[in-house]
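In what follows, a single structure is set out as structure tokens and then discussed.
Nothing in this text is a laboratory measurement; each read-out follows from the coordinates by a stated rule. Note that the coordinates shown come from a computational prediction; the quantities given were computed from them, not determined experimentally. All Cβ positions, glycine included, derive from the backbone under ideal geometry; neighbour counts span all protein chains shown.
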Amino acid sequence: MRALSTSIIGGGVAGLALASGLHQRDLPFTMFERSNEFTDGGFGFILLANGRDALRELGIDLEPSEVGCEVSDAIVRTIDGEVVAAMKLTNAIAVSRHDLLKVIRSAIPPETIRLSQDFSHFDNDGSTVRAAVFADGSECAADVFVGADGSRSRCREWITPAHPAPSGRVKEIVSMVVNPELAEEVGSTFTKFMHPDGGLAVGLVPSGNGRVIWFAQFDTQRFATPDRHDAASFLHSLLGDFPAIVQRAIAATDAAAPHVWHTVDMDAPRSMVRGNVALIGDAAHPLLPFTSQGANSALEDAADLVAAVATCTSPDELEPALRAYSHRRRPRRASHVAAGRSIAADFVNPITGAVLVPFVI
Ligand SMILES: Cc1cc2nc3c(=O)[nH]c(=O)nc-3n(C[C@H](O)[C@H](O)[C@H](O)COP(=O)(O)OP(=O)(O)OC[C@H]3O[C@@H](n4cnc5c(N)ncnc54)[C@H](O)[C@@H]3O)c2cc1C
């Protein structure tokens with residue numbers, strides 16, 4: 001009997017969380033990340049109760065003030081201020097992606113993380129993978145391989161070789177502003193303002209320490225996507241009718257900072273596993289941003305997969321354990337994909353009454 005070794009491809013939210021859980025159980029692993037340094041880019045997201053519970057299972061108990069702040073309510077308003085949807089949130093915290101990754105990484109021994117390792121393909125015998133092969137020609141053998149390489153996953157090709165490429169009708173321009181006055185006004189409420197004609201909205205998310213994350217969502221069938229250098233003038237021309245708080249958030253943002261985010265709409269692969277390879281997070285099921293479940297369900301995948309790998313005492317036990325993991329996670333990923341599409345369809349249409357809350361709990 002021996003502990004099985006794991007190779008994790010991708011050091012984002014899902015990969016790091018998995019590494020933390022394996023380390024907590026004294027299981028051997030190595031994580032391979034394409035980037036050459038920990039830039040921990042991005043802005044942030046809302047961790048919901050399910051994501052926080054999964055993180056706890058993985059050995060990380062977040063102190064909200066360390067990574068962001070509590071979020072008590074989600075409210076959707078028209079640009080005239082009328083409330084068209086509202087929801088109380090329990091145990092939800094807005095986290096900065098940078099701070100969250102830093103906290104998770106601090107729970108993992110640094111020597112288990114290899115940077116500048118761009119995964120290329122799996123060396124395999126048709127059913128079982130022997131080694132992960134990287135762009136520089138180096139290889140790493142292991143008992144189990146986990147694809148945590150994000151929405152445009154290369155590991156996914158081993159599991160569903162002809163899977164349709166991701167697409168997305170709605171895009172987002174995202175940024176963060178540090179402005180304590182604005183942050184105080186936003187309070188602990190995530191507010192989304194929607195244009196009555198549909199297809200255009202701006203969200204303001206408190207992020208702690210005087211920070212506010214804002215995002216503008218737009219329907220690309222109505223508005224041509226700007227490149228990042230034109231994002232500020234694009235927003236200026238489109239959002240003139242939006243409330244003053246939105247104008248102030250955007251005006252206070254460094255013009256170079258907004259990021260144009262190409263959201264991904266993709267059917268989830270039927271299976272998250274093949275042989276001794278499993279997918280987690282966006283590699284397994286990229287989600288539209290409307291569900292707020294991208295990071296949360298990635299953490300759930302990681303917690304479930306750690307528990308599955310921990311039950312195996314020999315490579316023979318691995319395949320059934322991985323298949324059971326995929327089977328358990330299937331209903332959640334299918335319902336998140338469907339919910340994201342319903343909210344997206346609602347979003348592109350004119351508002352005629354109540355709208356769907358941009359959250360799936
Ligand atoms: C830079 C960045 C910024 C983001 N910012 C936000 C944000 O502000 N708000 C939000 O809601 N979501 C953001 N996301 C997406 C969000 O992190 C994910 O949707 C979610 O957390 C699921 O995490 P994940 O680990 O599956 O994917 P990701 O967080 O995307 O992580 C995937 C990791 O795999 C690595 N990788 C990819 N290909 C390879 C390869 N060939 N070899 C080795 N490593 C590889 C990537 O560099 C990345 O570190 C961001 C993602 C990234 C990569």
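When the charge dipole of the chain is built from unit charges on Cβ atoms (+1 for Lys and Arg, -1 for Asp and Glu) and taken about the Cα centre, the candidate among Ile9, Asn179, Ala321 whose Cα reaches farthest toward its positive end is Ala321. Estimated at 0.36 nm per residue, the fully extended path between Arg228 and Ser167 surpasses their Cα-Cα distance by 20.1 nm. Quick one, could you list the DSSP H helices from the chain stretching 15 Å or more along their long axis (Cα atoms) with average Kyte-Doolittle hydropathy of -0.5 or above? Long hydrophobic helices here: 13-24, 294-310. From helices alone, the chain scores -9000 deg cm²/dmol at 222 nm; the rule is -39500 (n - 2.57) for each run of n ≥ 4 DSSP H residues, then divide by the residue total. Along the axis of the charge dipole computed for the chain (Cβ charges of +1 for Lys and Arg, -1 for Asp and Glu, origin at the Cα centre), the listed residues Ala231, His259, Gly281 are led at the positive end by Gly281. The three principal axes of the C-alpha atoms in the range 1-144 carry coordinate ranges of 60, 32, 30 Å, sorted with the longest axis first. As a ratio to 2.2 N^0.38 Å, the alpha-carbon radius of gyration for the range 170-262 is 1.01. As a rough guide to protection, the peptides 55-63, 120-128, 291-299 ranked by mean Cβ packing within 10 Å, highest first, stand as 291-299, 55-63, 120-128.
The dipole here belongs to the chain: it is taken about the Cα centre, uses +1 on the Cβ of Lys and Arg and -1 on the Cβ of Asp and Glu, and is about 680 debye. Of the three principal axes defined by the Cα atoms of the range 24-74, the extents in descending order read 39, 27, 17 Å. Rounded if a/c is under 1.5, else prolate if a/b beats b/c, else oblate: with a ≥ b ≥ c from the C-alpha gyration tensor eigenvalues square-rooted, which is the range 107-177? Cα axes put the range 107-177 in the oblate bin. The charge dipole of the range 170-262, taken about its Cα centre with unit charges on the Cβ of Lys, Arg, Asp and Glu (plus for the first two, minus for the last two), comes to roughly 140 debye.
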